[in-house]
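Since the structure comes first, as structure tokens, the remarks are kept for the end.
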Amino acid sequence: MDKNFKEEFTQIIKFQPPLYKQRHQFVKDLVEKYKPKKVADLGCADCSLLWMLKFCSCIEVLAGLDICENVMKEKMHMLSPLPVDYLQPSERSLTVTLHHGSVAHKDPCMLGFDLVTCIELIEHLEESELKKFPEVVFGYMAPSIVVISTPNSEFNPLFPRVMLHRHPDHKLEWSQAQFQSWALETARCYNYSVEFTGVGHPPTGMEKVGFCTQIGVFVRKYPQTGESVQSDKPTEAVYKTVFKAVYPSLKDEKYLQNAVINEVIFTAQIIKHRLMSKRKECSDDPERKSKFQPSMDCFSDYLGKLVVEKNMEPFVSGNEVYIPLATIFSFPKVNRLCGTFEKLCKLIAGKVTLSSDGSAVMFNIEYENEEN
Ligand code: SAH
């Protein structure tokens, strides 16, 4: 490489966004494309990729593995559910687990994953670990997709301070040819196909050096049968679980019940409020009495339609207002949460005050009458 040419570039090479973010974004895009449910990040370090992935709504199981327990523990609290996750539980379930152990060892907790990511990991492996790595990841874990990223050594001359490796802990840094021949041989051996790409574009005129980070995306050629997932695979656990978080989810009956009760009361309160305003309007203007005059907003239009079409009219009797459950059930959010009318009745039984025949939510308006 021409020295002047190289120096010109070493002054200006700065990736925007930073390269680690581009690598993580690459994985996120892959997740959006393939929609895996179970994702494991090997060599997860400070869990920043896992944290980013927990927002992908297709993922139900996230696992991290690292040989360094302390680096994982530094920020693992970021993977815990937040108050808002309890206030508004998600429709999907999500479990996040962190394990302490080595990719050179097999552990059954790593079975059954759809996507396994190894971002800037292989260059940190000792020779003996790198030898075992393909059998553990491709042979034993055998996910549908594996992503491996590693530095491209051909790019290094463009960095002014890099002498041998980009990081003192790197045991190797491969050229494109070296990485590709290792990846192709691994893919052939374990029945995967592999495609190469990368992040961190070289400067114009230097395209030959390739991406700063080279990436191999491996896709398993044949679907795994139920038998091959478990059979002949060691069942002894060798990793230590250092963190586990189960996120609140509407798949869990207790959170679903809470959400349904809240939604039922909220919907019933709105209907009651509209009914009371309507009655007040009528008593202020007797001409309008006995006519259910729809207001201009969508809610009242919708309610008016229900009342006319299905005879599900809320009504007042003495100090009580009755909002038929059938009316509440017909509201989209309640309907979606419960699925069936029977389920709605089951979930709110004993938790919401109902009319004696159980067909309507009942509110006492004595206090509200006094106020008026
Ligand atoms: N994947 C992270 C950081 C990679 S740095 C990111 O994208 O930012 C490499 C990580 O691999 C380090 O945290 C290191 O502790 C871990 N590591 C090294 N050898 C390992 C092994 N044999 N098994 C599991 N993790 C290992």
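The values are calculated or read from the model by the stated rules, or taken from the named source; none is laboratory data. These numbers come from a predicted model, not from an experiment. Quick reminder, even Gly has a Cβ in these numbers, built from the backbone with ideal geometry, and neighbours come from all protein chains shown.
Here is how the numbers come out for the structure above:
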| quantity | calculated |
| --- | --- |
| Positions within the range 331-343 being under 20 Å from residue 92 (Cα atoms) and either in a helix (DSSP H, G or I) or among the β-branched types (Val, Ile, Thr) (or both), in sequence order | 332, 333, 334, 335, 336, 337, 338, 340, 343 |
| Considering residues of the range 1-46 that are aliphatic (A, V, I, L, M) and in a loop (DSSP other than H, G, I, E, B) only, the residue modelled with the lowest pLDDT | 1 |
| Wholly within the range 68-185, strands (runs of 3 or more DSSP E) carrying at least 2 residues that are surrounded by fewer than 20 Cβ atoms within 10 Å (Cβ to Cβ) | 95-100 |
| Test: residue in the range 103-126 that is touching a strand residue (DSSP E or B) at 6+ places or on another chain (Cβ under 6 Å), within 16 Å of the ligand (Cβ to nearest atom), among the charged types (D, E, K, R) and free of Cβ contacts under 8 Å to residues at least 24 places away in the same chain | no |
| Failed condition for residue 260, given (1) more than 16 Å from the ligand (Cβ to nearest atom); (2) in the same structural domain as residue 100 (by the TED database); (3) crowded, with 17+ Cβ neighbours inside 10 Å | (2) |
| Odd one out for residue 237 among (1) crowded, with 18+ Cβ neighbours inside 10 Å; (2) small (Gly, Ala, Ser); (3) within 29 Å of the chain's Cα centre (by Cα) | (1) |
| Residue count, the range 89-105 (criterion: under 9 Å from residue 249 (Cα atoms) and out of contact with any Lys or Arg (no Cβ under 8 Å at 6 or more places or on another chain)) | 2 |
| Close pairs (9 angstrom Cβ cut-off, 6 or more residues apart or separate chains): outside the structural domain of residue 318 (by the TED database) and farther than 18 Å from residue 270 by Cα in the range 345-372, modelled with pLDDT of 90 or more and basic (Lys, Arg) anywhere | none |
| Hits in the range 26-64 (condition: touching a Ser or Thr at 6+ places or on another chain (Cβ under 8 Å), more than 15 Å from the ligand (Cβ to nearest atom) and not polar (S, T, N, Q)) | 34, 36, 60, 61 |
| Odd one out for residue 67, checked against (1) out of contact with any Phe, Trp or Tyr (no Cβ under 6 Å at 6 or more places or on another chain); (2) more than 16 Å from the ligand (Cβ to nearest atom); (3) at negative phi | (2) |
